[in-house]
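Down below is the structure, laid out as structure tokens.
The values are calculated or read from the model by the stated rules, or taken from the named source; none is laboratory data. Nothing here was measured: the structure is a model prediction, and the numbers come from that model. Using ideal geometry, Cβ is built from the backbone for each residue, glycine included, and neighbour counts are taken over all protein chains shown.
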Amino acid sequence: MTIILFLIQLAVTVTVGVYFFTQLRKEKSTQPGMKRESAKEMENLRRMRSVSLSKPLSEHIRPRNFEDIVGQQEGIRSLKAILCGANPQHVIIYGPPGIGKTCAARAVLEYAKHSEGTPFKADAPFIEIDATCVRFDERAIADPLFGSVHDPIYQGAGALGVQGVPQPKPGAVTKAHGGVLFLDEIGELHPIQMNKLLKVLEDRRVQFDSAYYDPDDNSVPRYIHDIFRNGMPADFRLIGATTRSPEELPPALRSRCMEVFFRPLESDEIASIAQRAAGRAGYNMEKETAAFCSRYAACGRDAINMVQMAAGLAQMDKRDGIDLRDMEWVVQSGHYPAKPEQIAPQENRVGAVHGLAVYGSHQGAVMEIEASVVPGMGRVLVTGIVDEEELGSAQHVMRRRSTARVSADNVTTVLKMLGYLQNDKDVHVNFPGGAPVDGPSAGAAMAVAAISALTGRPVDGGCAITGEISVQGRIKPVGGIPEKVEAAKRAGLVRVYIPRENMMERFEECNIEVMMLDEIHQAVEKLLLPSVVSEKEEDAQTMPILPLIASPSAR
């Protein structure tokens, strides 16, 4: 019996020995081939890295510090106030593309590292990731934003995976620990990812889970036990950037973040960027050519691209300057649309008033409103592009009247109560220019234009007015006043009339006079000039100003 057991043991030993000897020979035989393949691929990689094209002009002109960022002084100041104190907050930056949101965020973090009481260390990271490119996998096999767990059944689990140990891998939120996570186009983030992000912002850590994790397995490394029990650190400050409007972002995200608006660049600012880009490219460009470029470039990035194309033309012709013909060819080739010029005519006209509006990325604009009197039935008719809003789902759609049309009804009531509008006349109010109009802020301007047309008294062409009008003739507050005041100043106007409740002390520093209004009769007194008396005195028609409500001083 002993001999039999010995023979069996010997056979097993020989079999195992032969197996390992065979595996060792295979490994030795494959190693030279693997080394040769590795050396070959490494050489290909070195050769590829030795070839590099020249950098695009946009990289040469990219801002490196605050001085290089054009036109965003107020936005940068807001970012400093939010991030450079002892208690930095999360922030969302709104604004159109190509105006310096990413560069400003980088520069503010570097500035914050040296501010007094800051929690940011000298090596605080700035992790940039684009929400539109975040690969989302519902099985959580790979998640570059939050991290993932490499379970043993998946390839790439490594040495621990062979032992059946799940391994957490950090994502961008953990890599940004102690610094800033810049999430570009945050409004495009998947809803599931957005909810996860909100949880991370609240807990300041990332929790992982795996069906392969056994908390009682002593063979699992201590750090993996710690990650599954306590999560992976993710204490950072979020800077989200978006081209969307605030209403399109989840309220839960907005409630956790401060909000900063970066304004669109002005034409002269875009022109300065174009001139600087031409200089970096090694070409001369006159101010007139840069100004022409700014009429068609929507942002700084557009201007740089146009300059680079024009520089290519100059290079082909062996010229050292970019002239107006080059830029005209670029505009024609790229079909760039011209931006409307914000210059308001200032002649005094009957039935014409400057209104104010906000459109796009919180951009103010001067809006022409004109009115004429025609035979009719005592109505105020509104034409132009007056928006109507659709509410509801695809199965049930409800169309809501434009608030601009509602304002016209209020104007009708006020004009009849003041005695200006009779039942045999209509007032036709038009919004020329083709720009969509909505919102109640055109009410006061519509009333002034209508009264001017009815009385024959011209409107002061150097003024603009905004405000909602009530059926009792009061001028109520509206939104977007800072942007509207800035638009009036850009258009060359000298005075703006706004509702009293919208008045701010900062308007005293503007290079334009900002006046307050409470009621429509005040607007009529201040904006309407005396009637132009014709050669025949009896042809002059002047209607008195009829206050509906006594002014505050008379009470």
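Does residue 473 satisfy the condition of being in contact (Cβ under 8 Å) with a residue 40 or more places away in the chain, buried (at least 20 other Cβ atoms within 10 Å of the Cβ) and touching a helix residue (DSSP H, G or I) at 6+ places or on another chain (Cβ under 9 Å)? Even if it seems obvious, please write down each step before you answer.
Working: in contact (Cβ under 8 Å) with a residue 40 or more places away in the chain: yes; buried (at least 20 other Cβ atoms within 10 Å of the Cβ): yes; touching a helix residue (DSSP H, G or I) at 6+ places or on another chain (Cβ under 9 Å): yes.
Here the answer is yes, as residue 473 does meet what is asked.
I'd like the residue in region 40-63 that is in a loop (DSSP other than H, G, I, E, B) and not aliphatic (A, V, I, L, M) and, out of all such residues, is modelled with the highest pLDDT.
50
Restricting the search to region 207-241, which residues are of a type in the set (A, V, I, L, M, F, W, C) and over 28 Å from the mean Cα position of the chain (by Cα)?
208, 211, 220, 224, 227, 228, 232, listed by residue number.
Working only within region 491-509, note down all residues that are surrounded by fewer than 19 Cβ atoms within 10 Å (Cβ to Cβ) and under 25 Å from the mean Cα position of the chain (by Cα).
Of everything in region 491-509, those that are surrounded by fewer than 19 Cβ atoms within 10 Å (Cβ to Cβ) and under 25 Å from the mean Cα position of the chain (by Cα) turn out to be 504, 506, 507.
Tally the residues that are buried (at least 17 other Cβ atoms within 10 Å of the Cβ) and either within 26 Å of residue 123 (Cβ to Cβ) or out of contact with any Pro (no Cβ under 8 Å at 6 or more places or on another chain) (or both), restricting the search to region 225-249.
Counting residues in region 225-249 that are buried (at least 17 other Cβ atoms within 10 Å of the Cβ) and either within 26 Å of residue 123 (Cβ to Cβ) or out of contact with any Pro (no Cβ under 8 Å at 6 or more places or on another chain) (or both) gives 12.
Take region 400-414 and flag every residue that is of a type outside the set (Asp, Glu), modelled with pLDDT of 65 or more and surrounded by fewer than 20 Cβ atoms within 10 Å (Cβ to Cβ).
405, 406, 413
When you go through (1) assigned by TED's automatic domain parsing to the domain that holds residue 129; (2) out of contact with any His (no Cβ under 9 Å at 6 or more places or on another chain) one by one for residue 95, which number turns out not to apply?
The number of the failed condition is (2).
Against the definition (of a type in the set (Val, Ile, Thr) and surrounded by fewer than 20 Cβ atoms within 10 Å (Cβ to Cβ)), how does residue 481 come out, yes or no?
no
Every residue in region 64-114 that is within 18 Å of the chain's Cα centre (by Cα) and assigned to a loop (DSSP other than H, G, I, E, B), please.
69, 70, 71, 72, 90, 95, 96, 97, 98, 99, 100
Might you let me know whether region 204-224 holds any residue that is touching a Leu at 6+ places or on another chain (Cβ under 8 Å), within 19 Å of residue 150 (Cα to Cα) and part of a loop (DSSP other than H, G, I, E, B)?
Scanning region 204-224 turns up at least one residue that is touching a Leu at 6+ places or on another chain (Cβ under 8 Å), within 19 Å of residue 150 (Cα to Cα) and part of a loop (DSSP other than H, G, I, E, B).
Which of the residues belonging to region 236-251 are at pLDDT below 95 and over 29 Å from residue 309 (Cβ atoms)?
Selection gives 244, 245, 246, 247, 248, 249, 250, 251.
Are any residues in region 347-364 in a loop (DSSP other than H, G, I, E, B) and touching a Leu at 6+ places or on another chain (Cβ under 7 Å), and if so, which ones?
Residue satisfying the conditions is 348 alone.
Can you name the residue in region 253-287 that is touching a strand residue (DSSP E or B) at 6+ places or on another chain (Cβ under 6 Å) and part of a helix (DSSP H, G or I) and is also farthest from residue 69 (Cα to Cα) among such residues?
Per the stated criteria, the residue is 278.
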